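Colleague: For reference, the structure I am asking about is given below.
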Amino acid sequence: MGNAEITGLKYIENEIAILQRRIMKIRGNPDPRRPKANLLLYEAELEFREEQLEGIKAGKPFGRVGGGSLTKSLGFLYWDGIQSADRTHGESAKRYFEMIRKEGMAEHTCDRTIIILPMVLSGDFPKPNFLFNTNFECVPIFLSLNSIACMLDIPVFMVDRHFDAYSLMEDDDKLNYLTNQIEKLIAYAEEKVPGCKYNEDKLIELQHYDRLFIQKNQELYDLRKNIPCPIPGRDAFRELRLASVYPNPQKIIDYMTVYVDEMAEKVAKGQGAVEGEEKIRLLWSVSGPFFADPFGWLAKKGVAVPASEMSIFNMWFSRRQPIWEDPWKGRKLAPLEEEARQLDWVWGRLGDWWIQTNINTCKDLKLDGIIYFMQWGCSVTNALGGVMVETAEKELGIPTLLIEGRMLDESTFDRQDFFGKLEDFISICTERKQSRR
Amino acid sequence: MITAGIDLGCEWAKIVLWEEGKILSYVIHPYGMEAISAVAQRGFDEALTKAGLHVGQVQSAGVVGSRRDATSLASDLLTESICCARGSARLFPQTRTIIDLGAEKCLVVGCEEGRPLRSARNDRCAAGTGRYLRMVSKLLNVPVEETEPLSQQAEKDVDIETTCAVFAESEIISLLHQKHTPAEIIRGVFKGLAQRSYPLLLNVGLKSDVVMIGGLARNGGLVKAIEEVAKAKIWVPEEPAIVGALGAAIVTWERHRG
C-alpha cells in the first residue's frame, strides 16, 4: 500500500537534521555539564525519525492502534502527532496559530492539542493511515483526533473505557470489555489498512521492553527523592516515548540504564541540579510556558523541580498503577489483556484521582509547594485548581500557586507578570519551609 | 540597628527608616517625569534628614516593588507578599488577610503572625487597580481625592457591566448620557473594584482581621465598598502607602541582625 501523495515529511526531516547536529556536537565537543547518556537518547530518537521517514516513503502504514506496543506489533510506524505538536515553538507555533485563526478553528482551547490540526492539514506533519481514539479527560485531544480523522477521511476506532480504576480494582468484567474491543480494533485495522497484520510474538517482546523501561523510570523516580535532586527541572517534563515505539527498543533501555547510573553517581556525590544550595523543591503540574525556560530561571534561585504531574509516566509511580507483566489476581495476563489493562491511563477520573496523584508525588519526593499551571482550555485541571490548593494545604501544609497561561502561544505571555508571581510564590514557600523547621 | 525599606511601585517611591520596633521617618514621593533612581535617592536622603541620621548609620536596606531594579540603594531584593505581611502585622498584629491595592496591582495575602501563607494577585490588567479609578476620575473631571466625598452623595450606585478598564470608558459615557450622576457612577466603580478583589480574597481564604494597604486604602469609599462585598471589617493603617516599605525594612533587619 502506498500513500497517494507523500506529504508531511517536512517536520520529520527537520527533526532529523536537528538530531544529527546534536549528535555531531556531542561527538565532537561534549558538554561536560550534560549527561553522557544523551548521546544514546539522540541516536535512538534519530533512528525513530529515520524509520518514520523511510517507512512513509516506502508506503508503510503509519498511525496509532492502541498503545505503542500494539501499534508496532501490527506493523505500523508510530504516529506521534500530539507529542510532536508539544515540541513546536517560536515561529513554527506562531505560523500554526495564524492558520488556526484564519481557518476559524477553536482558538481558545488547549493550544498543545489544537496545534496538531494545522500541522497535519498544512502537510507539515504526516497524515496517519489509521487512528485510535478513546474517551478520557482530555477532551481537546479526543476532539483533535476525531477532527483529523473526519477532515482527512482517516479510519478511526473508538475504544470505550471505564472511568473507574479497573486496573487497580482488578475487575475481570471490565478487563474483558476492553479486551474484546481491542480484538475488534485489530480486526478493523487489518481490514482498513492493507499490509498490517497482528503479530502476537512481537507484541509480547515489545511489552517486555516497556516493562524494562518503566522499571528504569521507577529507579529514576526513586532518585528524585534525594535532596538535592540530581535531575534538572526541564527533565521532569521530558515525556519520553515508551521503548516499544523505537525501532531498536534495547537502545532506549541502554540509555535509561546509563542515565540512571549517572544520576545515581550525582546522588552519591551530593550533586544537585540547581545552582548552589537547593533551597526548596516544587512540583510543577499540568504544563507551562516552556519557551520562557522557567526551569533555568528556577534553578538559578536554588529551586528544584524534581517532578511534574502531566507526564503519563507518573501514572505508574504517583498513581501506583500496575506495569506491564505485573500479575493480575496472581496470574499472568494474555498479551491483549495486558494492552487492555495498560489502556487504564485515565488520569483524572472524577477529580479525586488527579488530586491524589499530585499529593502522592509531593509526599514521595518531599516537596515544599506546587506550581499549578492553569492551561487555557484544560477544563479538568482548571476546574480542580481550587481543590488542589485546599487539599495540598490540608494534607501536606504546603502552598499552591495557581497561574494561568498557554504552553505554546507566546503572544499571550507576559514575562514580568509570570516571573513576578513565581518569585513571590518562591519567597512564600521558603518562609513556610523555614517556619516548619 | 537601623535599616531602610524602599518600596518602588509604579508611580510612587516610599521609604521607611526603621529601628527595632520604631519607624524613625518615612517619605512618599511621586516619580512624575523624573528617573526612578533619582526619586529613590532623593527620598532616601530626605528620610535620613527627617530622622536626623546620616547614611552611614543605616546598616542595610531592602527594596521591594515592581520597579525595585531601578535603584542600587539596597542590597536585599524582596518580594511583596513577605513585605506586606511583615509590615501589616507590625501595625495590626492580628492581621490574617491583606489587600494591597495599588496603581497597577491588586495583591491579596493570607498570613499569620506576619508570615505570608499564600497570595493571589491580578493578572496584568487595569480593571481592578488604581489606574482604573484614575481613568474614571479624569473622565468625570473629578480629582481622585474627591471621589470619596462625592460617592457619599449618591443615593444609589450603578452597575458598570464591562470588566475592562478600556471599555468601561465608553460605558461610563453612556451612563452619563442616561442621566446617571457622577456620584452614582463613582459608587458603581468602587463596587466594581471591590468585586474584582473579592475572588482573590476567596482564593487566599478570607479571614479576620483584614487589613487594606497601598495608596487606594486612603479612599474610604472604596474601603467601604470592599467591606460590603467581603462582609468583613477592614482595618486601614494611618499611612497605608508605606506598609510595603515598612515590611521591607523589617525583613532586612531580620536578615542582618546576626
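All of the numbers you see were taken from the coordinates with simple rules; none came from a lab. The shown structure was predicted, so the numbers you read here are calculated from the model rather than taken from an experiment. We place every Cβ from the backbone using ideal geometry, glycine too, and count neighbours over all the protein chains shown.
Colleague: Give the lysines whose C-alpha is closer than 19 Å to that of residue A:363, dropping any in the same chain fewer than 8 places away, or say none.
Modeller: Qualifying lysines at Cα under 19 Å: A:225, A:279, A:394, A:433.
Colleague: Continuing with this model, one more query. Under unit Cβ charges (Lys, Arg +1; Asp, Glu -1), what dipole magnitude, rounded to 20 debye, does chain B have relative to its Cα centre?
Modeller: Magnitude of the dipole: close to 400 debye.
Colleague: Would any residue of the range B:216-231 have its amide N under 19 Å from a label point 7 Å out along Cα→Cβ of residue B:138? List them or say none.
Modeller: B:216
Colleague: Just how large is the dipole of the protein assembly as shown about the Cα centre, in debye to the nearest 20, putting +1 at every Lys and Arg Cβ and -1 at every Asp and Glu Cβ?
Modeller: It comes to approximately 1180 debye.
Colleague: Further question on the same structure: Under a point-charge model restricted to the Cβ atoms of Lys and Arg (+1) and Asp and Glu (-1), what is the dipole moment magnitude of the range A:169-256 relative to its Cα centre, in debye to the nearest 20?
Modeller: 560 debye
Colleague: How high is the relative contact order of chain A, in percent, counting Cα pairs under 8 Å that sit 6 or more residues apart?
Modeller: Computed value for chain A: 18 percent relative contact order.
Colleague: Pick from B:211, B:142, B:243: which residue has the top mean-square fluctuation in a GNM of chain B where Cα pairs under 10 Å get a spring?
Modeller: Per the Cα network of chain B with a 10 Å cutoff, B:142 tops the list.
Colleague: I've got another one for you. Looking at the protein assembly as shown, what % of its DSSP beta bridges pair antiparallel, to the nearest 5?
Modeller: For the protein assembly as shown, the DSSP antiparallel bridge percentage is about 45.
Colleague: Ignore the peptide's own chain and count Cβ atoms of other chains within 10 Å of each Cβ in A:412-420; give me the average, rounded.
Modeller: Rounded to a whole number, the mean comes out at 2.
Colleague: For the range A:204-339, take the convex hull of the Cα atoms, compute a quarter of its surface area, and give me that in nm², please.
Modeller: With every direction weighted equally, the projected area is 9.2 nm².
Colleague: Considering only DSSP beta bridges where both residues belong to the range B:1-156, give the percentage that are antiparallel (nearest 5).
Modeller: So the antiparallel bridges in the range B:1-156 amount to around 75 percent.
Colleague: Once every Cα of chain B carries one equal point scatterer and solvent is ignored, give the base-10 log of I(q)/I(0) from the Debye formula at q = 0.08, 0.16, 0.17 Å⁻¹, two decimals.
Modeller: These q points yield log10 I(q)/I(0) values of -0.32, -1.11, -1.21.
Colleague: Inside 10 Å of the C-beta atoms of B:200-210, what's the mean count of C-beta atoms belonging to other chains?
Modeller: Counting Cβ atoms of other protein chains within 10 Å of each residue's Cβ and averaging gives 1.
Colleague: Between the range A:173-191 and the range A:125-147, what is the separation of their alpha carbon centroids in Å?
Modeller: The range A:173-191 and the range A:125-147 have Cα centres separated by 18 Å.
Colleague: Positive end of the dipole of the range A:41-155, charges at C-beta (+1 Lys, Arg; -1 Asp, Glu), about the Cα centre: which of A:48, A:63, A:78 has its Cα farthest in that direction?
Modeller: So the residue we want is A:63.
Colleague: Let me ask something else about it. Around residue B:117, with a cut-off of 14 angstrom between Cβ atoms, what is the net charge of the other residues, counting Lys and Arg +1 and Asp and Glu -1?
Modeller: +2
Colleague: For the peptides A:327-333, A:81-87, A:370-376, what is the packing order when you average, over each peptide's residues, the other Cβ atoms within 10 Å and list the highest mean first?
Modeller: Result, highest mean first: A:370-376, A:81-87, A:327-333.
Colleague: Also, quick follow-up: Along the charge dipole of chain B, pointing to its positive end and built from +1/-1 on Cβ of Lys, Arg, Asp and Glu, which listed residue (B:195, B:44, B:165) has its Cα farthest out?
Modeller: My answer, from the dipole projection, is B:195.
Colleague: Next up: Can you give the Kirkwood hydrodynamic radius of the range A:353-434 from its Cα pairs, in Å with one decimal?
Modeller: The Cα-based Kirkwood calculation yields 13.5 Å.
Colleague: Continuing with this model, one more query. Hey, can you rank A:382-395, A:281-294 by average C-beta count inside 10 Å, highest first?
Modeller: Going by the mean number of other Cβ atoms within 10 Å, highest first, we get A:281-294, A:382-395.
Colleague: Additional query: Anyone know which of A:103, A:262, A:404 comes out most mobile in the 10 Å Cα GNM of chain A?
Modeller: It is A:103.
Colleague: While we're here: For the range B:79-187, max minus min Cα coordinate along each principal axis, in Å, sorted largest first?
Modeller: Here the Cα extents, ordered largest to smallest, are 50, 28, 20 Å.
Colleague: Out of the chymotrypsin sites (Phe, Trp or Tyr not before Pro) in the range A:45-108, which ones are loop residues according to DSSP with at most 13 other C-beta atoms within 10 Å?
Modeller: Answer by residue number: there is no such site.
Colleague: Starting from the Cα of residue A:94, draw a straight line to each of the lysines and keep only those under 26 Å, dropping any in the same chain fewer than 8 residues away.
Modeller: Partners within reach: A:10, A:102, A:127, A:421.
Colleague: Report the percentage of all Cα-Cα pairs in chain A whose separation exceeds 28 Å, rounded to a whole percent.
Modeller: In whole percent, the share of Cα-Cα pairs in chain A beyond 28 Å is 51.
Colleague: Give the separation of the Cα centroids, the range A:96-115 to the range B:25-71, in Å.
Modeller: 48 Å
Colleague: Counting other C-beta atoms within 10 Å, which of B:16, A:380, B:236, B:210 has the fewest, and how do the rest follow?
Modeller: A:380, B:236, B:210, B:16
Colleague: As an exercise, identify the trypsin sites (Lys or Arg not before Pro) in the range B:155-188 lying in DSSP coil whose Cβ has no more than 14 other Cβ atoms within 10 Å.
Modeller: B:156, B:179
Colleague: Between residue A:383 and residue A:360, what is 0.36 nm times their sequence separation minus the Cα-Cα distance? Round to one decimal in nm.
Modeller: Between residue A:383 and residue A:360, full extension yields 6.3 nm more.
Colleague: How large, in Å, is the range B:197-258 by the Kirkwood hydrodynamic radius built from its alpha-carbon pairs?
Modeller: 13.0 Å
Colleague: Let me ask something additional. Only Cα pairs under 8 Å and at least 6 apart count here; give the relative contact order of the range A:301-437 as a rounded whole percent.
Modeller: 18 percent
Colleague: Further question: Averaged across A:427-437, how many Cβ atoms of other chains sit within 10 Å of each residue's Cβ atom?
Modeller: For this peptide, the per-residue mean of nearby foreign Cβ atoms is 4.
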